[in-house]
Amino acid sequence: MTGIAVIGTGYWGKNHVRTYSELASEGVINSVKICDLDEKRACELGEAFNIEYLIDYKELIADPNIDAVSIVTPSSTHYQLAKEFMKAGKDVLVEKPMTMNSRESEQLVKIANDTNQILMVGHIFRHHPAVKELKHRIDQGEFGKIQLISSNRLSFGAPRKDMGVIYALGVHEVDMFCYLMDKEYPDSIHTTASYTLQPDIEETAMITMDFDGTKAYAFESWLMPAYGKQRDLVVVGSEKTAKIDYLKPQELQVFDIRIAEQDFDGKTAFSVENEGSYTIPIPYAEPLKEELRHFIQCINDRSRPISDGEIGLRAVRMAEAALESANNGRTFSF
Ligand SMILES: NC(=O)c1ccc[n+]([C@@H]2O[C@H](COP(=O)([O-])OP(=O)(O)OC[C@H]3O[C@@H](n4cnc5c(N)ncnc54)[C@H](O)[C@@H]3O)[C@@H](O)[C@H]2O)c1
């Protein structure tokens, strides 16, 4: 059975700790330890979940009871930590963005290959039940040809200091769009962004990706108070349209609606065919729990994660391109 440690117990790391604790009580893993440079934070969480805490991650490297780690520290530290753990023979789940530049992500993929360690990246939406259902239905042809994709990730709050919305949020969308379109990369990315509060941290961005004429738009903002916390995805197909509210993993909304084209004396006429809408219920599962369960399964059977290092690397390359486009106004071609 598996011993896991979570390194970094801040805003997101706490969720890894809670979820692994649940998996430990269910007998899926053997033990959980936590580590944070901030001793007060590690201690409070350790006491709340009754688990051992440390402040020096090097102790975990030497710990024979630890098989794998979740690295949930600031992204600028992912490279060094992931490298050290893989070289020490531990499997690694590193949060997204995998690293802050593609050169470091390439290195991590190489180290994972050389050491035969599992390298998974926290692209949580690949583990989201409604997204998986949608992908299955798209692949079956139910939605027809994908004509348009649009995603909004909007909230109102203090911006991060270590990265802007492109790396923090857009990295989810660039990966999701490629996943849904069944492509490794789009043909091109163009981004516009605004830097209202800090000169080098964009708090709003519109990322446009082109897939052979099909456009996918991601609107990301920490400066949008009008919608509460909005996180959604709309996929318009030639036969049907789907909508996912990412906060409701148990629902996939389908709109049985399309634009019909008819020929009248050589002229094309468009009309709307609307056969109504319905919600497909999906058994509830928490996306993070699905992700961590998958990680443990990959550790146990040595299989390749569905959000592996290659997926993480591609997402970083696309985020890098999106940021470059925002800064120089040019369209980036792949
Ligand atoms: N998958 C998602 O949906 C999602 C959501 C939020 C954040 N994240 C990612 O999770 C990571 C952490 O983000 P956050 O918002 O939780 O940050 P945070 O600043 O709230 O927490 C980071 C924690 O890491 C600790 N830390 C830093 N260096 C350390 C080290 N060497 N050893 C031990 N502890 C160390 C800090 O003390 C802090 O407690 C980022 O990569 C972020 O992009 C992913």
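The values are calculated or read from the model by the stated rules, or taken from the named source; none is laboratory data. No experiment lies behind these values; they were computed from the predicted model shown. When we count neighbours, we look across all protein chains shown, and the Cβ atoms used for this are built from the backbone with ideal geometry, even at glycine. Heads up: the accessible areas ignore ligands, DNA and RNA and are worked out on the full protein's heavy atoms, side chains in. Shrake-Rupley method; radii C 1.70, N 1.55, O 1.52, S 1.80 Å.
What the table below lists for this structure:
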quantity: Global geometry of region 103-262, whether rounded, prolate or oblate, following the gyration tensor of its Cα atoms and the 1.5 cut on a/c; calculated: oblate
quantity: Theoretical gain in end-to-end length, Ser188 to Lys215 [0.36 nm per residue, Cα-Cα removed]; calculated: 8.7 nm
quantity: Label-point separation, Cys43 to Leu197 (7 Å along Cα→Cβ), nm; calculated: 3.1 nm
quantity: Positive-end residue of Ala5, Gln230, Met176, charge dipole of the chain with Cβ unit charges; calculated: Ala5
quantity: Rounded tilt (10° steps) of 129-139 against the dominant C-alpha axis of the chain; calculated: 50 degrees
quantity: Equivalent ellipsoid dimensions for region 232-334 as semi-axes, Å, which come from the Cα gyration tensor, largest first; calculated: 36, 26, 13
quantity: Across Lys110/Lys135; Lys132/Lys183; Lys90/Lys110; Lys33/Lys83, pairs whose alpha-carbon gap is larger than 26 Å; calculated: Lys110/Lys135
quantity: Accessible-area order (highest first, 1.4 angstrom probe) of the listed residues Phe270, Phe177, Phe219; calculated: Phe270, Phe219, Phe177
quantity: Glu47 accessible area, assembled protein chains, probe 1.4 Å, Å²; calculated: 130 Å²
quantity: Whole-percent pair-distance distribution, where bins are 10 Å wide, for the alpha carbons of the chain; calculated: 6, 24, 32, 24, 10, 3, 1, 0
quantity: Tail beyond 23 Å, pair distance distribution of region 11-123 (Cα, percent); calculated: 26 percent
quantity: Residue-span extension gain [Glu310 to Leu247] - 0.36 nm each, minus C-alpha spacing; calculated: 20.0 nm
quantity: Nearest-ten-degree value, helix 309-328 long axis tilted from longest Cα axis of the chain; calculated: 60 degrees
quantity: 0 to 90° range, to nearest 10: angle between helix 39-49 axis and the chain longest Cα axis; calculated: 80 degrees
quantity: Solvent-accessible area, 1.4 Å probe, carbon plus sulfur percent, for region 173-285; calculated: 52 percent
quantity: Length gained when the stretch Asp63-Ser271 is fully extended (0.36 nm per residue, less Cα-Cα span); calculated: 68.3 nm
quantity: Selected from Thr99, Thr214, Thr204 as most flexible by GNM, with the chain as the system and alpha-carbon contacts under 10 Å; calculated: Thr214
quantity: Probe 1.4 Å, accessible area per residue of region 3-122, Å²; calculated: 42 Å²
